[in-house]
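Inspection log for the structure reproduced underneath, given as structure tokens.
The values are calculated or read from the model by the stated rules, or taken from the named source; none is laboratory data. Computed from a predicted model, the values in this text were never measured in an experiment. Methodologically, a virtual Cβ is constructed for each residue, glycine included, from the backbone with ideal geometry; neighbour enumeration extends over all protein chains shown.
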Amino acid sequence: MPTSLTRTVNLNGERRRVTVPDDAEQLLYVLRNQLGQRGPKFGCGVSQCGACTVLLDGQIRRSCVTPLRTVPEGASVETLDGLGSGKRPHPLQQAFIDEQAGQCAYCVNGMIMGAVGWLRQLKASGRTTAPSESEIAAFLSGEAPGSTQNYICRCGTHLRVIRAIHRAAEELLS
Amino acid sequence: MTLELSRRRFVAGAGTLAVAFHLAPLDAVAATVAADGLRIDESADDGSLAWLLLEEDRVTIHSGKVELGTGVQTALTQIVLDELHLRHGRVGYVQGDTRVTPDQGTTAGSKTIQNGGPELRQAAATAFQALLGLAAAYFQVDRSQLQADDGVISVVGTSLRVGYARLLDHAELVLVADPAAPVATPGEYQVVGRSVPRADLPGKVTAEFGYLQDVRVPGMVHGRVIRPSGRNATFASITPESMARARAIPGFLSVVQRGNFVGVVATSEWAAIQAAAPATGIEVVWTDGQPLVAQASLPEALRDPAQHYRTTQEVSVGDVDAALVTADTTVQAGYFTPFQMHAAMGPTCAVADVRRTPDRKTGVQATVWACSQAVFALRETLANLLGLPEPAVHVIYEESAGCYGHNGADDVAADAALLSQTVGKPVRLQWSRQHEHGWEPLGAAMAHDLRGGITDGAVVAWEHVVCTPTHGSRPNGSPGTVLAGLLTGSLPANLPTAAGNSGGRNAPVNYVFPNDRLIAHLVRSFETAGPTSNVPAAPLRYRFPRTTALRSLGGFSNTFANESFLDELAAAGGADPLELRIASHEDPRAIAVLEALGDAWANRPAGGDGTGAGVAFARYETEYSYVATYVEVTVDQSTGAIRVGRVLVAHDSGLVINPDGIRHQIEGCVIQGISRTLKEEVHYDDRGVTSVVWQSSPFNPGPQYEVLRFSDVPAIEVTLIDRPDQPAWGAGEPAIEPIPAAIGNAVFAATGVRIRTLPMTPARVLSALQEVQPRR
């Protein structure tokens, strides 16, 4: 029998309490169906595409394979919805607009949230220069140091996504 | 001629100017309207007319053509702004709603800008003439004394000015697009031809935009389907213990079973997922049906006359047989491309609200939110599936992940509608990734046999024999044209009677060859009523996976075969591949895109050492946009891995509405084209598709549906040949067609090895390399 669970999380800076009848429910469904988030998207459910990416306690996480019971009480969850707005976009969101880095754009949640987490890690490690375009491509392909997760784009917007992340990185890391 | 019509219901209150237009020739629209006594049916359900609405503070297009993520909304807006002499402003876009937009057919085939653009332009020009008329009356001057700029009309030589909003304040006009209304000349374009940013992107990158997957309606519950064990399997039973297990899931509501259609409904998405999974919920016992033709035997099976229900000769010029006998050099070769899939990033989704009784006011009994490319065809199909009259079904388009053709969008809408009808509640259903990959209708595998002759550097004989299953299985009103209908006992649509512009797209070449023949063998996708019949014998008697329209249809595979084989002839006859292409064309626009590659070609890598360059050409549907593509590759001779290093595309799609929009579509075509050339192949066994996720894993062992990664994407350079005095043609598909041949030709230049089968995987390339140079 499933075990019910109540968790309090800090969602984009706001305390939110959720109860699920089955503690195995993945964070993605909790975010989308109970907490009204549109950023994280269902893409594959098996951690292969990146569309569901969020930051959990600052770490890049695929929310489709993150059972709520593994989310620590009081954990911080950051989603695309909380990153910025149309009026005040985050530098990565602005860079995606500037580079026109989206066709259907269903996947861009993954690239933006993944890049937010990755660039923060780089900054925390003392890096002060933007990663090169090939480093960014390696990160998005799961081939960069410390990153094994691939991000999929199906429309073929790859080059613009790479340029957008590079553009934002120059601002965020300098 | 401007006809004034009675107002439509949605044109509410004064301060409105509405122009009706249609994709059909404008004369026909005027005739329809006139015959109808200057009255337009207010339901819009007979669906002939699109609308351009000007209100005091906004402009809105009511369009049957929908935004699929390709940017057409932005480009259509640019056309409207220019004709209205507006420089700024967003134009509202009401799309794909069977109650408020017209039936403009399917949004497909790179035809939205090409066909919808000129009609919309004419509608906007009609509106502008009406505004001039209003201003002339307002100032009591002749309209020749007026000029307009950015929403303000002034009297030349005076300080008299009036804004559109003020003019509309006095107006209440409904017009039919006037084919004689003067349109802006290319020199007057202010907005057309500029890289206007996409209107939808800010909302999408900030999560303020809602996709279909975000639609929520009051009282909504969640569904999940349980698919048969195979394409032709039938329902036997649900194990009683699994039924009890599912009932114990908190939030579980019910199991729906109609024939071979099985689904579950629960109050939460998670509960529905658990209830539909055999490990935690329902376990269905299926009876296997007829096995599919083995994937490994496809190249032979597609060519096997026993699999053909019809053979058609679709091009016949001169005497190919005689020319092959007298040619200096002859070549023959066979090509093959596998089943491939659309593989949308977001599994397809729908929300359906099917009531027990129709709404008293509107008569609507079923409301379905879907990402269909053809909401009207879907409405008819759903009505027949649900046993409702067509006007009782209301389909509303919502944008989903990019589809690249006819994917599961219509199927999932039918799934959700059946579930909703059964449980009497609104049901949201998003397919799992495994259902998307496993059950979406696929792009067809194809086989090609070519023969040709070359004499003195000129092609003197050309024959292409193509074997193809259907590329057209869109909903057509018959319930069997959606998966839920097939599973509940309806027949699929009849198979096509010719390859034509579907499986045969771009099978005919644009080159002028003196002796040229195209023969098409149409492959029997499922058992038919007789050896030469195209009529299905039963709902679930598929021989091959179900197939339909995938980006460029047969054009991808046909162009791979044609443009690779032309290189084979060039090599055999000692001709330069680029020069042979130029010399074989009479059309100056075709020659121009090829010549645009001249510098790159002249400076190409020498080849033979693992690095090489290739070119290929296509003219979309043989009559629209021209594309010539140059590709450089490096082949790792120890692993067989191909790396595409550089791609140049020269592209002429006539008038360029939005340069960056077209570049973006071309980049998308190139990247998806490389992915389909190097990586993509649907794997299936006797029962059905086994490549159901993106990567192999312990849960899904065996080859999966791999697509190109970020680190594999090359630099792409695009040369747009803008022809402002020519019609604007579509750009969503043309540039994908030359990609596989350009890569194959480059691999040949790099290694001397010709790859005639897709995908060009390392294993396949390595084995071809070893055949030529056996290892000691």
I'd like to check something: does the range B:687-706 contain any residue that is under 21 Å from the mean Cα position of the chain (by Cα), in a loop (DSSP other than H, G, I, E, B) and of a type in the set (Phe, Trp, Tyr)? yes
Within the bounds of the range B:272-293, is there any residue that is more than 30 Å from residue A:45 (Cβ to Cβ) and either touching a residue at least 24 places away in the same chain (Cβ under 8 Å) or assigned to a strand (DSSP E or B) (or both)? yes
Quick one: how many residues across the range B:172-194 are under 24 Å from residue B:74 (Cβ atoms) and of a type in the set (Asp, Glu)? 1
Among the numbered criteria (1) among the hydroxyl-bearing types (Ser, Thr, Tyr); (2) touching a Phe, Trp or Tyr at 6+ places or on another chain (Cβ under 7 Å); (3) within 14 Å of chain A (Cβ to nearest Cβ), which single criterion is violated by residue B:711? (2)
Mind telling me which of the residues B:608, B:640, B:612, B:598 ends up being over 29 Å from residue B:188 (Cα atoms), surrounded by fewer than 17 Cβ atoms within 10 Å (Cβ to Cβ) and touching a residue at least 40 places away in the same chain (Cβ under 8 Å)? B:608
Could you run through the range B:293-319 and say how many residues are over 27 Å from the mean Cα position of the chain (by Cα) and surrounded by fewer than 12 Cβ atoms within 10 Å (Cβ to Cβ)? 4
Enumerate the pairs (first residue in the range B:124-140 and over 16 Å from residue B:15 (Cα atoms); second residue anywhere and basic (Lys, Arg) and in a helix (DSSP H, G or I)) with beta-carbon separation below 6 Å, excluding pairs fewer than 6 apart on the same chain, so at least 6 apart or on different chains. B:136/B:143
Could you tell me whether any residue of the range B:204-225 is away from chain A (no Cβ under 14 Å), out of contact with any helix residue (DSSP H, G or I) (no Cβ under 7 Å at 6 or more places or on another chain), crowded, with 16+ Cβ neighbours inside 10 Å and part of a loop (DSSP other than H, G, I, E, B)? no
Among the residues listed as B:558, B:562, B:506, B:515, the single one being surrounded by 21 or more Cβ atoms within 10 Å (Cβ to Cβ), more than 23 Å from the chain's Cα centre (by Cα) and in contact (Cβ under 8 Å) with a residue 40 or more places away in the chain: B:515
Would you pick out the residues in the range B:714-733 that are within 14 Å of chain A (Cβ to nearest Cβ) and either part of a strand (DSSP E or B) or crowded, with 20+ Cβ neighbours inside 10 Å (or both)? B:715, B:716, B:717, B:718, B:731, B:732, B:733
Could you tell me which residue of the range A:80-96 is farthest from the other protein chains (Cβ to nearest Cβ), considering only residues that are more than 13 Å from residue A:165 (Cβ to Cβ) and buried (at least 20 other Cβ atoms within 10 Å of the Cβ)? A:83
For the range B:683-699, give me each residue that is touching a helix residue (DSSP H, G or I) at 6+ places or on another chain (Cβ under 8 Å), of a type outside the set (Ser, Thr, Tyr) and either surrounded by fewer than 18 Cβ atoms within 10 Å (Cβ to Cβ) or more than 8 Å from chain A (Cβ to nearest Cβ) (or both). B:683, B:685, B:688, B:689, B:692
Please verify whether the range A:24-40 includes one or more residues that are over 15 Å from residue B:346 (Cβ atoms), modelled with pLDDT of 95 or more and β-branched (Val, Ile, Thr). yes
Within the range B:106-155, take every residue that is part of a helix (DSSP H, G or I), out of contact with any strand residue (DSSP E or B) (no Cβ under 6 Å at 6 or more places or on another chain) and of a type in the set (S, T, N, Q) and give me the one that is surrounded by the fewest Cβ atoms within 10 Å (Cβ to Cβ). B:144
Scope the range B:57-73; condition within 14 Å of another protein chain (Cβ to nearest Cβ) and free of Cβ contacts under 8 Å to residues at least 60 places away in the same chain; matching residues: B:72
Any residue at all in the range B:193-202 that is in a strand (DSSP E or B), within 14 Å of chain A (Cβ to nearest Cβ) and crowded, with 23+ Cβ neighbours inside 10 Å? no
Taking the stated definitions as given, is residue B:178 within 34 Å of the chain's Cα centre (by Cα), charged (D, E, K, R) and more than 10 Å from every other protein chain (Cβ to nearest Cβ)? yes
Looking only at the range A:124-174, and only at residues there that are of a type in the set (Ser, Thr, Tyr) and more than 23 Å from residue A:105 (Cβ to Cβ), the one that is farthest from the other protein chains (Cβ to nearest Cβ): A:128
Residues of the range B:660-686 being part of a loop (DSSP other than H, G, I, E, B) and under 20 Å from the mean Cα position of the chain (by Cα), which ones? B:680, B:681, B:682
Condition met for residue B:742 (at negative phi, buried (at least 18 other Cβ atoms within 10 Å of the Cβ) and part of a helix (DSSP H, G or I)): yes
Does residue A:108 fit the bill of being surrounded by 21 or more Cβ atoms within 10 Å (Cβ to Cβ), more than 9 Å from chain B (Cβ to nearest Cβ) and closer than 30 Å to residue B:67 by Cβ? no
Checking residue B:231 against (1) buried (at least 21 other Cβ atoms within 10 Å of the Cβ); (2) within 14 Å of chain A (Cβ to nearest Cβ); (3) basic (Lys, Arg), which single condition isn't satisfied? (2)
Filter the range B:237-252 for residues that are small (Gly, Ala, Ser) and crowded, with 16+ Cβ neighbours inside 10 Å; the one that is farthest from residue B:351 (Cα to Cα) is B:242
Just checking, how many residues over the range B:713-753 are more than 23 Å from residue B:567 (Cβ to Cβ) and within 19 Å of the chain's Cα centre (by Cα)? 5
From (1) under 25 Å from the mean Cα position of the chain (by Cα); (2) touching a residue at least 60 places away in the same chain (Cβ under 8 Å), pick out the condition that doesn't hold for residue B:322. (1)
Within the range B:253-270, of all residues that are of a type outside the set (A, V, I, L, M, F, W, C) and assigned to a strand (DSSP E or B), the one surrounded by the most Cβ atoms within 10 Å (Cβ to Cβ) is B:263
Having 1 or more residues that are more than 21 Å from residue B:749 (Cα to Cα) and among the acidic types (Asp, Glu) is the bar; report the strands (runs of 3 or more DSSP E) wholly within the range B:596-659 that clear it. B:642-652
Would you be able to say whether some residue in the range B:754-767 is more than 14 Å from every other protein chain (Cβ to nearest Cβ), free of Cβ contacts under 8 Å to residues at least 40 places away in the same chain and either buried (at least 23 other Cβ atoms within 10 Å of the Cβ) or more than 18 Å from residue A:155 (Cα to Cα) (or both)? yes
